[in-house]
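Enquirer: First the structure, which I've put down as structure tokens, then a few questions once you've had a look.
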There are 2 protein chains.
Amino acid sequence: MNFNNRLIDDAVNEISKLPGIGKRSALRVVLYLLRQPQVQTQLLSQSLSDLREKVMYCQVCFNISDHAVCNLCSSTKRDSTVICVVESIEDVMAIENTAQFRGLYHVLGGVISPVLGIVINDLTIAQLISRVSDSNVKELIFAMSTTVEADSTAYYIYKKLLNHNIEISTLARGIPLGDDLEYTDELTLGRSIIARIPFEKSIKVN
Amino acid sequence: MNFNNRLIDDAVNEISKLPGIGKRSALRVVLYLLRQPQVQTQLLSQSLSDLREKVMYCQVCFNISDHAVCNLCSSTKRDSTVICVVESIEDVMAIENTAQFRGLYHVLGGVISPVLGIVINDLTIAQLISRVSDSNVKELIFAMSTTVEADSTAYYIYKKLLNHNIEISTLARGIPLGDDLEYTDELTLGRSIIARIPFEKSIKVN
């Protein structure tokens, strides 16, 4: 499909750069917008530029925020002695949705990756170290992907914090809830046997 | 997933109004844009508002256009004696892509539909009639959906043009090329038997 129309081609090109949207879907979006009242496109365009221009990140935890310090960090209902270290703001959302964590977060902004060219200074590791040093933090929980890069990043932070008197833990790893044993990958299954837990612990809810 | 952030919520809401994009995909788009350089969001936002504000429709055929008269209508290589009547600009694209038609188009902007509240004056039927009256048009081809509403719209135009000395045709209807006979719906198959064509015609390419 080709329109030979600059406005449409431009819009299709920009829209199809978005994840999960190909040229065809982008064209569908464009033709849809042309059929809708102009105000809908104005709102969409405005919300996108506002999003990118006005977005702020919390100075403490680097989560996305409306203010200099985010709602979570400024809340008196959260336990400020526990910090959950995550890679991205999506992870904060995911953990918040479980409603199982009442502490604070620290968003690293990624993991150390020589392949992608992400070095230590690209992440908020220094801020995490000084945050732990300056406040009354008692526990750090690594809630990161189970990749080599994430493991190395966590290990780097762990080494940096060895002389601090805090507990450092990581998310439990094992067979996902609801999974069939026969379909669990060998690596996970193998590790789950080695890292088996007392049965009483597995039936504990909180 | 809920961010409790106005900027993100606004953007997610607006993006998820687009066809084929739900709340989850919209959030994915938003988080993707936040990770990309700001200029990408600027280009996207700009192309969308440009699209809707600056888009023009050809004064002759009502196809989308960069100028007052579109490239097709102003082209000297097209046969201006044949007009293909279509419902929407998507249909122009679809027919252009076949490279089988060298005439001009007329975009109706929909079909008469009492259910959707689309009446004759919402469409460009009057403009089509005067276009046929004023120029040297010899043939009109209806290239419309095979729905009751499209059939009625075509019939209305046909009646209006009865006293004009032009040929009026419609797209061939029958079994789609490459289809298995056993999977063809009964209505199409039945009509194809009634409207059977001389074998020589079916092997003719042009």
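The values are calculated or read from the model by the stated rules, or taken from the named source; none is laboratory data. This one's a predicted model, so the numbers in the text were calculated from it and none came from an experiment. Using ideal geometry, Cβ is built from the backbone for each residue, glycine included, and neighbour counts are taken over all protein chains shown. For accessibility, only protein heavy atoms count, side chains too; no ligands or nucleic acids. Shrake-Rupley method; radii C 1.70, N 1.55, O 1.52, S 1.80 Å.
Enquirer: List pairs: first in the range A:163-182 and touching a residue at least 60 places away in the same chain (Cβ under 8 Å), second β-branched (Val, Ile, Thr) and open to solvent by less than 100 Å² (accessible area, probe 1.4 Å), Cβ under 9 Å, 6+ apart or cross-chain?
Expert: That search, which allows pairs on different chains as well, returns nothing.
Enquirer: On to the next question. So which residues in the range B:164-206 are open to solvent by 80 Å² or more (accessible area, probe 1.4 Å), more than 30 Å from residue B:80 (Cβ to Cβ), assigned to a loop (DSSP other than H, G, I, E, B) and β-branched (Val, Ile, Thr)?
Expert: Within the range B:164-206, B:203 is the sole residue that qualifies.
Enquirer: Ok, one more. Determine the pairs where a residue that is without any contact (Cβ under 8 Å) to a residue 24 or more places away in the chain and at negative phi, located within the range A:92-104, has a partner that is surrounded by 16 or more Cβ atoms within 10 Å (Cβ to Cβ) and aromatic (Phe, Trp, Tyr) with Cβ atoms under 7 Å apart, the partner being 6 or more residues away or on another chain.
Expert: What qualifies is A:93/B:3.
Enquirer: Quick check on my filter: what residues within the range B:16-34 are surrounded by fewer than 16 Cβ atoms within 10 Å (Cβ to Cβ), within 7 Å of another protein chain (Cβ to nearest Cβ) and either over 22 Å from the mean Cα position of the chain (by Cα) or assigned to a helix (DSSP H, G or I) (or both)?
Expert: Selection gives B:32 alone.
Enquirer: Being open to solvent by 20 Å² or more (accessible area, probe 1.4 Å) and at the interface with chain B (Cβ under 7 Å from one of its Cβ atoms) is the filter here, so list the residues in the range A:56-71 that pass it.
Expert: Scanning the range A:56-71 gives A:66, A:71.
Enquirer: Right, something else. Are any of the residues in the range B:4-15 more than 9 Å from chain A (Cβ to nearest Cβ) and under 25 Å from the mean Cα position of the chain (by Cα)?
Expert: No: zero hits.
Enquirer: Same structure again: Taking the range A:20-58 as the region of interest, how many residues are in contact (Cβ under 8 Å) with a residue 24 or more places away in the chain and touching a Pro at 6+ places or on another chain (Cβ under 8 Å)?
Expert: 0
Enquirer: Taking into account only those residues within the range A:115-158 that are outside any helix (DSSP H, G or I) and under 13 Å from residue A:104 (Cβ atoms), which is modelled with the lowest pLDDT?
Expert: Looking at residues that are outside any helix (DSSP H, G or I) and under 13 Å from residue A:104 (Cβ atoms), I get A:135.
Enquirer: Whether any residue in the range A:84-100 is among the aliphatic types (A, V, I, L, M), more than 11 Å from chain B (Cβ to nearest Cβ), surrounded by 14 or more Cβ atoms within 10 Å (Cβ to Cβ) and part of a helix (DSSP H, G or I) is what I want to check.
Expert: Checking the range A:84-100: at least one residue is among the aliphatic types (A, V, I, L, M), more than 11 Å from chain B (Cβ to nearest Cβ), surrounded by 14 or more Cβ atoms within 10 Å (Cβ to Cβ) and part of a helix (DSSP H, G or I).
Enquirer: Among the residues of the range A:35-52, is there at least one that is within 12 Å of another protein chain (Cβ to nearest Cβ), assigned to a loop (DSSP other than H, G, I, E, B) and surrounded by 16 or more Cβ atoms within 10 Å (Cβ to Cβ)?
Expert: no
Enquirer: Please state which of the following conditions residue B:106 fails to meet, knowing it meets all the rest: (1) more than 7 Å from chain A (Cβ to nearest Cβ); (2) surrounded by fewer than 20 Cβ atoms within 10 Å (Cβ to Cβ); (3) within 25 Å of the chain's Cα centre (by Cα).
Expert: All conditions pass for residue B:106, except number (2).
Enquirer: Hey, residue B:80 hits all of (1) hydroxyl-bearing (Ser, Thr, Tyr); (2) in a strand (DSSP E or B); (3) within 8 Å of chain A (Cβ to nearest Cβ) but one; which does it fall short on?
Expert: (3)
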